[in-house]
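Working notes, beginning with the structure itself.
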Amino acid sequence: MRSAECANGLSRLLLLVSVAAVWSCRPAQAASKEAVDAYNLGNRQYKNGKYEDAVGSYEKCLKQHARSAAVYYNLGNAYFQAGDLGRAVLAYERAKVLTPRDPDLLQNLHQASLLTRDEIELPPRSGLGAALELGLSRVSVNELALVASLGYLLLVTLLFVRLFVEGAVVRRALGTAAIVLGIAVCTGVGALGLKLQHRHADRSTVVLADEAIVRSGPTQNFDPVFKLHAGTVVSVVETRGVWERVEASPKLTGWLRRDAVESVRQ
């Protein structure tokens, strides 16, 4: 009885996980005609060297809720060609959330980052935590959700087929395969949970102002401690009104106005 109850409990848990995974990776709503027209217009404007006009078209596309890696990538290219380094990096970073391994995107982001004026030295990290974070940074939430949901569906299929197989050897083989696949699904679900937690906690922010003065406190009365420039990526650790305390590195932290930066997460 207890084994049956455990099996039923596990089945319910996996079912809930599958539903959540499928919901997480569900297809986005089809882009409206206005969004498609704006995107295509932006592509033509970019090709003709009208970069500022292309920026407007891509932004219009995004306002139609047609958010995709391609739109953000093209928007970043248009901003870069128009000379707005901060917003170019911001668009690239948002595209990277959706397609973290795209080689063209990573190359353009790297080139844009080389032009930033701030040289931020992050402390070296090592160990299991750093390796796990690096691995999760190379996959998107949708990819993990898709793998978890497909793995669960395959697991259910194996168990269903096993019900109708009479040979003991085949049943054992299917049972062993189901156990291995179940472990893999649980691992995938765990990775998905960590990725979602990391994305929720991530407060990466891009400096948009050509020059932002970072102060020792959250008002204009506090002394300047250092400056940041367009395109630099920092992390927000606290917010007070129109001021945000940012951390560029463990030794570089202070307060700047919120209108000087914009969060990667939307």
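Would you say A230 is in contact with a helix residue (DSSP H, G or I) (Cβ under 8 Å, 6 or more places away or on another chain) and surrounded by 14 or more Cβ atoms within 10 Å (Cβ to Cβ)? Considered against the rule, which asks whether it is in contact with a helix residue (DSSP H, G or I) (Cβ under 8 Å, 6 or more places away or on another chain) and surrounded by 14 or more Cβ atoms within 10 Å (Cβ to Cβ), A230 comes out as yes. The residue that is farthest from the chain's Cα centre (by Cα), among those in region 194-226 that are buried (at least 16 other Cβ atoms within 10 Å of the Cβ) and of a type in the set (D, E, K, R), is R215. Scan region 140-167 for residues that are in a loop (DSSP other than H, G, I, E, B) and within 17 Å of H198 (Cβ to Cβ) and the total you get is 1.
Quick one: is A82 in contact with a helix residue (DSSP H, G or I) (Cβ under 9 Å, 6 or more places away or on another chain) and under 30 Å from P250 (Cβ atoms)? So A82 does not fit the description; no. Considered as a group, the residues in region 85-139 that are assigned to a loop (DSSP other than H, G, I, E, B) and among the small types (G, A, S) include one that is modelled with the highest pLDDT, and that residue is G127. Hey, among A20, A28, A7, A78, which residue is modelled with pLDDT of 60 or more and either closer than 30 Å to L155 by Cα or in a helix (DSSP H, G or I) (or both)? After ruling out the rest, the residue left standing is A78. Checking the stated criteria, H65 turns out not to satisfy the condition of being in a helix (DSSP H, G or I), farther than 22 Å from A260 by Cβ and not polar (S, T, N, Q).
When residues in region 61-95 are screened for being charged (D, E, K, R) and free of Cβ contacts under 8 Å to residues at least 24 places away in the same chain, 1 of them pass. List, please: which pairs have Cβ atoms under 7 Å, are six or more places apart or on different chains, and start with a residue in region 136-152 that is in the same structural domain as S68 (by TED's automatic domain parsing) and end with one that is of a type outside the set (V, I, T)? Final answer for the pair search is none. Against the criterion of being at pLDDT below 90, among the hydrophobic types (A, V, I, L, M, F, W, C) and at negative phi, L252 qualifies.
The values are calculated or read from the model by the stated rules, or taken from the named source; none is laboratory data. What you are looking at is a predicted structure, and each value in this text was computed from that prediction instead of being measured. Positions of Cβ are backbone-derived with ideal geometry, glycine not excepted, and every protein chain shown enters the neighbour counts.
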